[in-house]
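Since the structure comes first, as structure tokens, the remarks are kept for the end.
The values are calculated or read from the model by the stated rules, or taken from the named source; none is laboratory data. Fair warning: this is a prediction, and the values are worked out from it, not measured in the lab. Backbone-built Cβ (ideal geometry, glycine too); neighbour counts: all protein chains shown. Surface areas here come from the heavy atoms of the whole protein model, side chains and all, with no ligands, DNA or RNA. Shrake-Rupley method; radii C 1.70, N 1.55, O 1.52, S 1.80 Å.
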Amino acid sequence: MQILGLLATILGVVALVELLLYVILYHTWPGKRWIGQWRLPVMMLAPAILAISVLIIYPFLFEMRLAFANLNMYTINDWLEGGELGWAGFRHFIAVFTTSPLQTISFWGLLGRTVIWTVVNLIAHVGFGLTLALLLNKLAKGRGLYRTLLIVPWAMPQVVAVLAWRGEFHPQFGFVNVLLQTFGMPTINWWSDPIPVFVSCCLVNIWLGIPFMMIVFLGGLQSIPRSYYEAASIDGASRWVQFKQITLPLLRPVVVPSVTLGTIWTFNNINVIYLMTGQNGGNEYADILVSAWYKSAFNYYRYSFSAAFAVVIFMILLGVTWPG
Amino acid sequence: MMNSTNKPRVSGVGATLARLCVVLFAASMSSSLLGAGVVLTMWDNEREDIQKVLDDVLDRFEKENPGVKVKTSHYKTEDLRSQFQTAAMGGGGADIVLAPNDFGGPFSVMGIIQPVDTWAKMDRFAPTVVEAVSDSKNKSWGVPISRGNHLMLFINGSIVKKAPQTIEELIATAKKHTDAKQNRYGFAYNLNEPFWFVAFLGAYGQRPLVARAPQLGGDTMVQALELVKKLKFDDKVVPADCDYACADTLFTEGKAAMIINGDWAVQQYREKFKENLVIAPLPKLASTGKHMAPMISGKYLFFNKRVTGVKLEAAKKLTEYLVSKPIQEELVRRTQRLPAIKELNNSPIIAADPVLAATDKAMANGQPMPLDAEMRVVWDAIRPQLQNVMAGRAETKVAAATMQKDAETKIKEMKQ
């Protein structure tokens, strides 16, 4: 019923806006020639513009304002009661770079770890994804079956998959250490030693991310006409030359957007870190920028600080993914 | 480009769209006017078995109070905290939140819940549960419906016949039943979690947060860290790296003779071990003569600040129903949790049940969990240093000093 009520309210607001637009566009200026061609498009686009304004533009502007405000657990009541946000200038932006958003690790430490996290994951996703896609593309029989099996990690709910992996990395009873013991190797404390914690998170995220890249690349490979390869073979081109001169250039339109998306998703991936390191508190050995941001907002209630932190993260991502 | 011949058709589409909007707007208005009576929304973080008990009780409440409906939603603990916090700040969120006391600290400071002492008659509840939900100005922020949430010593009676009275006895008993090669341990607990560690700290007479100031440095903290380190590295009576799930699994599978766990596990262990389950208070430390002191709180009803008027009256009615003697007795029987009201302190329901009586007895040495929002920082300051000590990466003195410094810094930063 709550959802129905919410839907009804949204529809009501949209309907009201459309009515207002209708009255303004068709009755207030009925004779204006210049507006005639825009009437219907404006009415059609209005719901989307309204939704984008409410869901993206307003929150973004509010976030910017919050970053310069003085909002935390102790001052939030002043804002709720009197609408007073305060003004802190650039204090929180300076704090982002000079203090720890968590207990000990600095912003620069988190940034370095996030870069390593993104690069390692992306290289593995693209590398393994492309290799598997090439293998699947060559398969004459059972391609559907293998594709289904290989996509399981991606199709599985991430929470279930990550928590299962957390169990497999249990220092004493997990499969990974049991395997190491079987081969006479020393066990690793995957849960509380700084580097192994981060490595285990990377391994899980690599496992989770390969199927997406594989499917995207496979789609790209299947769209390359066979005749190009046949012509290249007749001309005596080796498999490597075919790959370099035909496959890679023609895959580029698929690779570029998927790598861009992969960069943003990996950079912003909070789920794996949050679930692998323990949801309630946990340790900070694997935290990256976004998970540290989440903790600063929701564990430490530093709203203005976390808003400034979010703006900094946004600027970094904007810089990394800026076209050209 | 649109030409003039299109104009009448376009105008017609616009008018049709406008008519549709009139209908939609009217429909939305009528739907919002539907549904008279008071609807209370309640969010909780209860387990599935407890949810069923609550749903039964709430169904009966609705039948006895035809004008009031209670809609429940269930969340994981951390989700409940963040969801309510975010929703309430935006003027929404549940009317009532059923949660442990530590939710009340930040929520009260943020002003998203309301105090209850003006109407809730707090003197009818056990003093420890009232203290755990009262701030430094003695203002109470929630109504308790159960007390407990405390750690106890659970013993598999088929392995260990007599409950250890001191930590030294516990170690000696655990040694007898430990054979790491056979994956058998005398004792298991959540080694790296501060909630368990502060119980050990309590045996040295130290509380982690006093008057909103962290008390994590100093000799007593060092001694407590040395003790837990010794259990792992010298006595070797606990599994080397054990979290909650690991300790719980070892105990339920009969591979750990004893476990420190909370009252939330009573029902599960009772069903598993039946008459072989023994519950004892956490032992004392012979050298200090003090018992380990688990944190005590309970489950509380917190009320959203925007709940007023008729809704608040309905919420009060629901509260009175839940803390009434018959419902409290039913909750004790069906949830195995101790009652919040003093009237049931010596109730035969508790006295006649050895497990419940032992659970009650185990509370005696506890310390009320501070309500203050700073407690979150204290937990987070202890955790990494405790992990460092338990992994052999840090000296206990350094760890104690670091956790005190980290907690002080973070509390200062939280206020900026």
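Output the number of residues of the stretch B:204-216 satisfying the condition of being surrounded by fewer than 19 Cβ atoms within 10 Å (Cβ to Cβ) and in contact with a Ser or Thr (Cβ under 9 Å, 6 or more places away or on another chain).
Going through the stretch B:204-216 one residue at a time, the tally reaches 3.
Any residue at all in the stretch B:108-124 that is within 14 Å of another protein chain (Cβ to nearest Cβ), surrounded by fewer than 19 Cβ atoms within 10 Å (Cβ to Cβ), touching a Ser or Thr at 6+ places or on another chain (Cβ under 6 Å) and under 20 Å from B:Glu320 (Cβ atoms)?
No; the residues of the stretch B:108-124 include none that is within 14 Å of another protein chain (Cβ to nearest Cβ), surrounded by fewer than 19 Cβ atoms within 10 Å (Cβ to Cβ), touching a Ser or Thr at 6+ places or on another chain (Cβ under 6 Å) and under 20 Å from B:Glu320 (Cβ atoms).
If a residue must be of a type outside the set (A, V, I, L, M), touching a residue at least 24 places away in the same chain (Cβ under 8 Å) and more than 11 Å from chain A (Cβ to nearest Cβ), how many such residues does the stretch B:230-247 contain?
The number of residues fulfilling the criteria is 4.
Given (1) surrounded by fewer than 18 Cβ atoms within 10 Å (Cβ to Cβ); (2) of a type in the set (Phe, Trp, Tyr); (3) at pLDDT 95 or above, identify the lone condition not met by A:Trp154.
Just one mismatch for A:Trp154, condition (3).
Please specify each residue of the stretch A:66-78 satisfying the condition of being at pLDDT below 90 and in a helix (DSSP H, G or I).
A:Ile76, A:Asn77, A:Asp78
Taking the stretch A:78-93, which residues are facing chain B (nearest Cβ under 9 Å) and crowded, with 17+ Cβ neighbours inside 10 Å?
A:Trp79, A:Leu80, A:Ala88, A:His92
Could you name every one of the helices (runs of 4 or more DSSP H) located completely within the stretch B:341-416 that has at least 3 residues being over 22 Å from the mean Cα position of the chain (by Cα) and surrounded by 15 or more Cβ atoms within 10 Å (Cβ to Cβ)? Break it down into steps so the answer makes sense when it comes.
Working: elements: B:348-351, B:354-363, B:375-390, B:396-414.
Fully inside the stretch B:341-416 and qualifying: B:375-390, B:396-414.
Of the residues A:Glu81, A:Glu18, A:Glu63, only one is touching a residue at least 60 places away in the same chain (Cβ under 8 Å) and part of a helix (DSSP H, G or I); which?
Working: A:Glu81 fails: touching a residue at least 60 places away in the same chain (Cβ under 8 Å); A:Glu18 fails: touching a residue at least 60 places away in the same chain (Cβ under 8 Å).
On inspection, the qualifying residue turns out to be A:Glu63.
Can you name the condition, by its number, that A:Val42 falls short on among (1) open to solvent by less than 50 Å² (accessible area, probe 1.4 Å); (2) within 12 Å of chain B (Cβ to nearest Cβ); (3) not in a loop (DSSP other than H, G, I, E, B)?
(1)
Counting only residues that are among the small types (Gly, Ala, Ser) and touching a helix residue (DSSP H, G or I) at 6+ places or on another chain (Cβ under 7 Å), how many does the stretch B:91-119 have? Break it down into steps so the answer makes sense when it comes.
Of the residues in the stretch B:91-119, the ones among the small types (Gly, Ala, Ser) are B:91-94, B:99, B:104-105, B:108, B:111.
Then drop every residue that is not touching a helix residue (DSSP H, G or I) at 6+ places or on another chain (Cβ under 7 Å), which leaves B:93-94, B:99, B:105, B:111.
Residues flagged as among the small types (Gly, Ala, Ser) and touching a helix residue (DSSP H, G or I) at 6+ places or on another chain (Cβ under 7 Å) within the stretch B:91-119 amount to 5.
Hand me the list of helices (runs of 4 or more DSSP H) wholly inside the stretch A:219-310 holding 2 or more residues that are more than 14 Å from chain B (Cβ to nearest Cβ), free of Cβ contacts under 8 Å to residues at least 40 places away in the same chain and more than 17 Å from the chain's Cα centre (by Cα).
Of the helices (runs of 4 or more DSSP H) lying wholly inside the stretch A:219-310, those with at least 2 residues that are more than 14 Å from chain B (Cβ to nearest Cβ), free of Cβ contacts under 8 Å to residues at least 40 places away in the same chain and more than 17 Å from the chain's Cα centre (by Cα) span A:226-234, A:239-242, A:248-267.
Taking only the stretch B:52-79 into account, find how many residues are within 12 Å of another protein chain (Cβ to nearest Cβ), within 15 Å of B:Phe302 (Cα to Cα) and in contact with a strand residue (DSSP E or B) (Cβ under 6 Å, 6 or more places away or on another chain).
Going through the stretch B:52-79 one residue at a time, the tally reaches 1.
I need the full set of residues from the stretch B:199-250 which are in a loop (DSSP other than H, G, I, E, B) and closer than 21 Å to A:Ile188 by Cα, in order please.
Taking the stretch B:199-250 first, the residues in a loop (DSSP other than H, G, I, E, B) are B:203-208, B:211-212, B:215-218, B:234-243.
Correct list: B:Asp234, B:Lys236, B:Val237, B:Val238, B:Pro239, B:Ala240, B:Asp241, B:Cys242, B:Asp243.
Please enumerate the residues belonging to the stretch A:97-111 that are under 15 Å from A:Phe267 (Cβ atoms) and open to solvent by 30 Å² or more (accessible area, probe 1.4 Å).
Across the stretch A:97-111, the qualifying residue is only A:Leu111.
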